[in-house]
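Note sheet for the following structure.
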Amino acid sequence: MPGFKRLLRPALFGLLLATLMVPSGFARAEKPIVGAYLWGGMLQGAEGTDRFHKSLKFLLDQGFQAVRFTVSSSTLRELGLDRVSCGQPRRIGCYLEKALADPVFDDQRIKLLMITLHEFGSQEALSRGVDGDRAREVETEFRQAVDILQRRFAGRPVRIVISNWEGDNMVYCGAVFGYMRNASKARACDSQDGNGIQRRLTNFLDWMKLRDAVVQAARARHPDFNIAHAPEFNVANLRTQQCVTSCDATKTVFETLARAGQRPLCSYSSYNSATRGQLQQDLPRLLRTCQQLILGELGFPERRGNETVRSGFATAAAAIAQQQDKIPAVIIWNAFNVPGVTRDNSYGLFRQDGSRGNIDNLPAELQPGR
């Protein structure tokens with residue numbers, strides 16, 4: 001990638017080369033661990049970061065051993081973090097450290113933490129490229145965040161996975177299916193200001209390679225630090241027949257990752273497969289590129305009705321069971337209802353008052369603590 005070696009100081013680059021054979025996936029498990037995504041909605045009855053931490057404890061009390069949450073410029077308020085508390089220049093690691101500063105993260109019931117982590121410089125990197133000074137800024141910010149995770153979790157039997165928000169939506173200027181169905185949105189994304197889909201895909205891959213290098217180096221320095229990097233995509237099959245714009249089925253994050261070679265671990269936000277009932281057909285193809293695959297989001301809205309939702313989850317669970325030794329985790333979207341969202345459009349496993357929601361539609365295989 002352009003400028004990639006220049007990004008890495010000689011010692012760091014040498015460390016990367018020395019650790020290319022270090023696996024960054026997970027040991028084979030008999031069954032995937034089931035987690036919940038804590039984003040948007042949270043447990044009511046607390047304020048600030050206390051609300052976030054009590055929501056996490058609630059999930060652990062329900063039997064979940066894995067939780068996914070997001071630390072990015074757009075989620076600071078919902079995490080209860082003061083945007084001005086970390087000064088300038090803004091570094092996402094500072095906010096991450098504040099989010100982790102609670103005894104709930106010492107709870108031995110936590111087996112896996114998946115963090116959707118976005119540097120403040122990531123959007124510019126995606127649109128303008130990862131090279132030169134910009135690459136060094138993003139690398140520095142990400143490395144500081146990884147170092148904070150190392151100090152918090154090294155030597156503990158908890159697996160840390162760093163990922164990104166749905167990669168295809170990022171590349172397609174916010175919403176891949178919006179691009180497919182709205183000609184004006186597509187033109188704006190394809191314009192010079194939008195930087196074009198192919199350029200954004202290239203920049204996305206360069207950003208992932210940068211993160212790979214930082215995580216591999218951290219693992220080499222700290223063998224007792226169980227961290228992995230799992231780039232996330234959200235399109236398994238770009239069905240161009242549904243597209244009213246200039247769609248190209250080869251221009252997806254997964255296809256871009258596949259052309260770059262096998263990866264030890266990926267994350268798939270799986271609505272593109274699950275809502276079509278095609279997860280069983282799609283997983284074998286995805287697993288030819290991704291040696292292990294976390295389902296970073298799996299969910300169905302309650303508006304479909306309990307029987308339909310139960311059937312959707314059951315079909316997904318059956319597909320997962322066929323590949324379970326290659327799927328270390330399944331993260332259910334979403335832990336709690338999002339404020340202001342009606343039940344018809346809710347994915348929440350629980351209501352904000354803690355009462356049960358979509359969790360009653362999960363089959364036994366996807367229930368926490370099974």
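The values are calculated or read from the model by the stated rules, or taken from the named source; none is laboratory data. Just so you know, these numbers come straight off a predicted model, no measurement behind them. Glycine gets a Cβ as well: all are built from the backbone with ideal geometry, and neighbour counts include every protein chain shown. Heads up: the accessible areas ignore ligands, DNA and RNA and are worked out on the full protein's heavy atoms, side chains in. Shrake-Rupley method; radii C 1.70, N 1.55, O 1.52, S 1.80 Å.
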Just name the residue that is surrounded by the most Cβ atoms within 10 Å (Cβ to Cβ) out of those in the range 27-81 that are of a type in the set (D, E, K, R) and part of a loop (DSSP other than H, G, I, E, B). 78
Of the criteria (1) open to solvent by 20 Å² or more (accessible area, probe 1.4 Å); (2) in contact (Cβ under 8 Å) with a residue 24 or more places away in the chain, which one residue 265 fails: (1)
Among the helices (runs of 4 or more DSSP H) lying completely within the range 152-220, list those that include at least 3 residues that are modelled with pLDDT of 90 or more, open to solvent by less than 50 Å² (accessible area, probe 1.4 Å) and at positive phi. none
Conditions: (1) under 22 Å from the mean Cα position of the chain (by Cα); (2) assigned to a loop (DSSP other than H, G, I, E, B); (3) of a type in the set (D, E, K, R); (4) farther than 27 Å from residue 361 by Cα. Residue 285 meets all but one. Number of the miss? (2)
Looking at the range 290-311, can you tell me whether even one residue there is open to solvent by 50 Å² or more (accessible area, probe 1.4 Å), among the polar types (S, T, N, Q), under 20 Å from the mean Cα position of the chain (by Cα) and within 20 Å of residue 34 (Cα to Cα)? yes
If a residue must be in a helix (DSSP H, G or I) and touching a residue at least 12 places away in the same chain (Cβ under 8 Å), how many such residues does the range 116-139 contain? 12
Taking the conditions exactly as written (within 20 Å of residue 118 (Cα to Cα) and in contact with a strand residue (DSSP E or B) (Cβ under 7 Å, 6 or more places away or on another chain)), does residue 213 satisfy them or not? no
